[in-house]
Amino acid sequence: MSLRVRIRDKSFDDRPVLKGLEFDLGEREIVALVGPSGCGKTTLLKIIGGLDLDYDGTIAWTDAGSPRIGTIFQEPRLLPWRTVRQNLILVLPPYAHPAADELLRHLGLWPFRDHFPPTLSLGMARRVAIARAFAIAPELVLLDEPFVSLDPEMAQRSRDVLLEAWRQRATSVLLVTHDPVGAAALADRILVMSPRPARIVTQIEVPAAQRRSDHPTALQVAAQLEVVVGQYLART
């Protein structure tokens, strides 16, 4: 299942936020969205996720029916009175519980299955949120700054968990981030958004041989991304 996004206009109180924004997301493709603060990245995710219907445009899927969408927010939003495992299986039918347990094992979270969210670090809680989003076998996963406020080592560990989850259950992923290293380390393509009213102004395609590879490669692509974004913003 692939996605086509066409937003002609999205405004708040007659203040345009998104205008003429267009892009496609392929099946099992990871795409990162970067842009200046406040340009409308989170608003775009809400539109795609069906949480905001007040816009002029279309969100079209290649297959009929309602796709399953997993969402990962900045805050993990785990139920504090349920264990890690219980948070995963809460919305799953009983026959899917073994698959959720297997996902916990693959992601290195099985030893924490009986822990409650208040006892987890922020990084660990976000890894559990990643597992929860993939547990439903979604056609699309939306991530809104899932690694913000983490130190570089913890962010790298969380990215590794995300990639392992994606490899176990490959699906389309749309990632909003301010981190060029994180974008380059994860994505097939990086889409650059303009200031408001935001649109896609350019994209950087990560070479196939370098995608989801070692950290130094990500740094090289991230440096290119920072130059491109900086040059564009200097002209606006």
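Points to keep in mind about this one:
- Check on ARG126, of a type in the set (Lys, Arg) and either within 29 Å of ARG8 (Cα to Cα) or at pLDDT 80 or above (or both): yes
- Total residues in the range 165-196, condition assigned to a helix (DSSP H, G or I) and more than 29 Å from ASP101 (Cα to Cα): 3
- Within the range 1-110, strands (runs of 3 or more DSSP E) holding 2 or more residues that are loosely packed, with under 15 Cβ neighbours inside 10 Å and either of a type in the set (Ser, Thr, Tyr) or at negative phi (or both): 3-12, 15-25, 56-61
- In the range 185-221, residue surrounded by the most Cβ atoms within 10 Å (Cβ to Cβ) [restricted to those that are farther than 19 Å from GLU29 by Cα and modelled with pLDDT of 70 or more]: ALA198
- Of the candidates ARG189, ARG157, the single residue that is closer than 20 Å to LEU104 by Cβ and charged (D, E, K, R) is ARG157.
Each row is one residue, and each column tells you yes or no for (1) out of contact with any Gly (no Cβ under 8 Å at 6 or more places or on another chain); (2) acidic (Asp, Glu); (3) free of Cβ contacts under 8 Å to residues at least 24 places away in the same chain; (4) over 29 Å from THR42 (Cβ atoms).
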site	(1), (2), (3), (4)
LEU79	yes, no, no, no
GLN86	yes, no, yes, no
LEU90	yes, no, yes, no
TYR95	yes, no, yes, yes
LEU107	yes, no, no, no
ARG113	yes, no, no, yes
ALA125	yes, no, no, no
ASP144	yes, yes, no, no
VAL148	yes, no, no, no
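- If you go through the range 197-212 and keep only what is part of a loop (DSSP other than H, G, I, E, B) and out of contact with any Leu (no Cβ under 8 Å at 6 or more places or on another chain), you end up with VAL206, PRO207, ARG211.
The values are calculated or read from the model by the stated rules, or taken from the named source; none is laboratory data. Just so we're clear, the structure is a prediction, and the values are computed from it rather than from any experiment. Reconstructed Cβ throughout: ideal geometry from the backbone, glycine too, with neighbour counts over all protein chains shown.
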